[in-house]
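Participant: Input: one structure, supplied below.
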Amino acid sequence: MTSRITAIGRPADGTADRDAAAVTIRRATARDGKRLTRLIQASSAYDGPYAPMIAGYRVGPDYIETHRVFLATGPDGRLLGFYALLLAPPELDLMFVADAAQGLGVGRRLVGHLRQEARAAGVAAVRVVSHPPAEGFYRSVGAERVGTVAANPPAVMWDRPEMVIRITPADDGPAASASDG
């Protein structure tokens, strides 16, 4: 399938659903670390006052081998996004979608996949400490706000929403049934 994504990452003809269906989600390997790090460093979501949060951040082979890290690629093999699920305690540690893939359903597909992974691991809920601008996205995929995590200078200079994604046996949640594993 050929992806019709414009230079700014939006479908040229309303094909977002079809393009999202062409996304493949797979377990990351140690060799993916540099690609994941580049995606984080290029994220415009961390421009300006949020830049210290990712300054010098690196996703190394040890991190990938220790945690459940999954990446999403397009039909051309291009990295579209990734997430990391920690199990003890259950938490979404990282989730990034490439700027050019924003709005195409990649984040929803990743959250759907996360739900499946958490369910398979016997997890009832996954904690999310959200980047403040991403709170609306997490709410749109069913996360519930349960509190606030206070700023922790110097890296994190702002309070962050604390949320929970509940994992239920019967409900795959938003977009989960469409995700690949």
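Participant: Once ligands and nucleic acids are excluded and a 1.4 Å probe is used, how much of Ile64 is accessible, expressed in Å² to the nearest 10?
Facilitator: 10 Å²
Participant: At 1.4 Å probe size, what's the solvent-accessible area of Phe70? Round to the nearest 10 Å².
Facilitator: Here the accessible area works out near 10 Å².
Participant: If you count only protein heavy atoms and use a 1.4 Å probe, how large is the accessible surface of Thr66, to the nearest 10 Å²?
Facilitator: That residue has around 100 Å² of solvent-accessible surface.
Participant: Right, here's the next one. Quick one: the Cα spread of the stretch 38-116 along its three principal axes, in angstroms, biggest first?
Facilitator: Principal extents (Cα only, largest first): 32, 28, 20 Å.
The values are calculated or read from the model by the stated rules, or taken from the named source; none is laboratory data. Treat the numbers as computed from the prediction; the structure is a model and nothing was measured. Only protein heavy atoms, including side chains, enter the accessible area calculation; ligands, DNA and RNA are left aside. Shrake-Rupley method; radii C 1.70, N 1.55, O 1.52, S 1.80 Å.
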